[in-house]
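Read through the structure below, which is laid out as structure tokens, and then see the notes.
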Amino acid sequence: MDSLIWEESLGAFLLVTVALGGGTAWMTGRAVALGWDEKWKLVVYVALLGCAVRFIHFALFGGTLLSLHYYIIDMIVLLFVAAAAYVVTRADQMAAQYSFAYERTSPFGWRARG
């Protein structure tokens, strides 16, 4: 049942990578932004999270533990979610902390007032 995107089944991919891993990646991106940390730390944390997601695929659904292809697929999904959370949280911070200088333009952006 292997596919280019998922290894075991679509349901396992959606449950483990998208729901569990994506939720954790969202919280990771939010935590890095709330700590005013650099974006490279987000990549390191998500790389570790990707290892955990691969292990869950292996332990629960019989997936391949050391599959570079599916690790990269998981990492792409997790990095997308974590980066979105980082940007949304950073836009919140900039609009709240520096409300005299910046205003929120969208969930993903802010601009200088004036």
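Read-outs throughout are calculated quantities, based only on the coordinates presented, and are distinct from any laboratory measurement. Only a predicted model underlies this, so the values are computations on that prediction, with no experimental measurement involved. Cβ: placed from backbone, ideal geometry, glycine included. Neighbour counts: every protein chain shown.
Residues that are part of a helix (DSSP H, G or I) and exposed (fewer than 12 other Cβ atoms within 10 Å of the Cβ) were ranked within segment 29-68; the one that is farthest from the chain's Cα centre (by Cα) is Ala59.
Taken together, the residues in segment 2-50 that are of a type in the set (S, T, N, Q) and over 18 Å from Val88 (Cα atoms) amount to 3. For segment 74-81, the criterion of being without any contact (Cβ under 8 Å) to a residue 24 or more places away in the chain and surrounded by 17 or more Cβ atoms within 10 Å (Cβ to Cβ) is met by no residue. Identify, please: which residue in segment 1-27 is hydroxyl-bearing (Ser, Thr, Tyr) and touching a residue at least 12 places away in the same chain (Cβ under 8 Å) and is, among those, farthest from Leu68 (Cα to Cα)? This residue is Thr24. Screening segment 82-114 for residues that are small (Gly, Ala, Ser) and within 27 Å of Trp6 (Cβ to Cβ) and picking the one that is surrounded by the most Cβ atoms within 10 Å (Cβ to Cβ) gives Ala82.
Restricting the search to segment 72-109, which residues are of a type in the set (Ser, Thr, Tyr) and assigned to a loop (DSSP other than H, G, I, E, B)?
At the first step, the residues of segment 72-109 found to be of a type in the set (Ser, Thr, Tyr) are 86, 89, 98-99, 102, 105-106.
Of everything in segment 72-109, those that are of a type in the set (Ser, Thr, Tyr) and assigned to a loop (DSSP other than H, G, I, E, B) turn out to be Tyr98, Ser99.
Does Ala91 meet the test of being among the small types (Gly, Ala, Ser), closer than 23 Å to Ala31 by Cα and touching a residue at least 12 places away in the same chain (Cβ under 8 Å)? The answer is yes for Ala91.
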